[in-house]
Amino acid sequence: MTHHIASAALAAEQKSAEVTDWAGRIGWVVGLLLFVAFVYWLMRQGWKWRGSLQSDLPPLPEVPDAPAGARLTMDGRYHGSTTAGQWLDRIVAHGLGTRSRAELTLTDAGITVVRPGANDFLIPAAALREARLDKGIAGKVLAEGGLLVVTWEHGSTLLDSGFRSDRAAEHTAWVEAINSITPVSTTEGIAR
């Protein structure tokens with residue numbers, strides 16, 4: 001019987017102590033929340049700074065009201081735009097850095113990019129340089145060939161814009177169609 005009393009006393013001692021330093025715990029939680037808010041603020045400032053560095057980029061061409069003669073259409077995701085050949089140099093000016101759902105339509109006028117919740121834009125046919133299958137853009141890496149990358153000229157800057165169709169088998173048809181209407185490629189041989 002003394003053995004049971006001793007083990008009951010030992011079990012009572014092993015219970016965790018009640019929290020008595022609430023001020024200290026609340027201080028740590030508040031400090032952690034302030035640190036997270038500060039890091040978020042720094043990231044936002046970096047995004048704004050990148051946008052101001054890219055302020056020389058002209059406004060994006062607007063999507064025509066009624067694009068006529070659709071050659072191809074695609075539903076999927078817009079993953080972002082970068083300086084051509086620099087897959088990590090994200091362009092954030094004019095909303096090009098915002099990832100979103102996208103509906104693409106290839107017409108004689110170019111590629112219309114309609115993005116719910118983000119800026120729509122047109123890639124004019126005259127600005128198209130090439131299309132290719134790739135695996136990454138703007139910090140997003142997918143399976144080899146899982147991304148349609150369209151190289152186009154905006155102002156005096158060559159841009160790569162990345163799209164992923166909901167049906168990846170469509171990518172090849174898009175590459176062939178875009179490359180058939182572009183002038184001789186000016187980005188061949190750029191290291192990625």
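The values are calculated or read from the model by the stated rules, or taken from the named source; none is laboratory data. Since the model is a prediction, treat every value here as computed from it, not as a measurement. Please note: Cβ atoms are built from the backbone with ideal geometry, for glycine as well, and neighbour counts cover all protein chains shown. Please note that ligands, DNA and RNA were not included when accessible areas were found on the heavy atoms of the full protein model with its side chains. Shrake-Rupley method; radii C 1.70, N 1.55, O 1.52, S 1.80 Å.
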Determine, yes or no, whether LEU142 is at pLDDT below 90, aliphatic (A, V, I, L, M) and surrounded by fewer than 19 Cβ atoms within 10 Å (Cβ to Cβ). yes
Within segment 64-81, which residues are open to solvent by 40 Å² or more (accessible area, probe 1.4 Å) and within 17 Å of GLY117 (Cβ to Cβ)? ASP75, ARG77
Do you know which residues across segment 112-131 are farther than 12 Å from THR182 by Cα, open to solvent by less than 30 Å² (accessible area, probe 1.4 Å) and of a type outside the set (A, V, I, L, M)? THR112, ARG115, PHE121
Taking the criterion of being closer than 15 Å to HIS154 by Cβ, of a type outside the set (S, T, N, Q) and part of a strand (DSSP E or B), would at least one residue in segment 81-91 satisfy it? yes
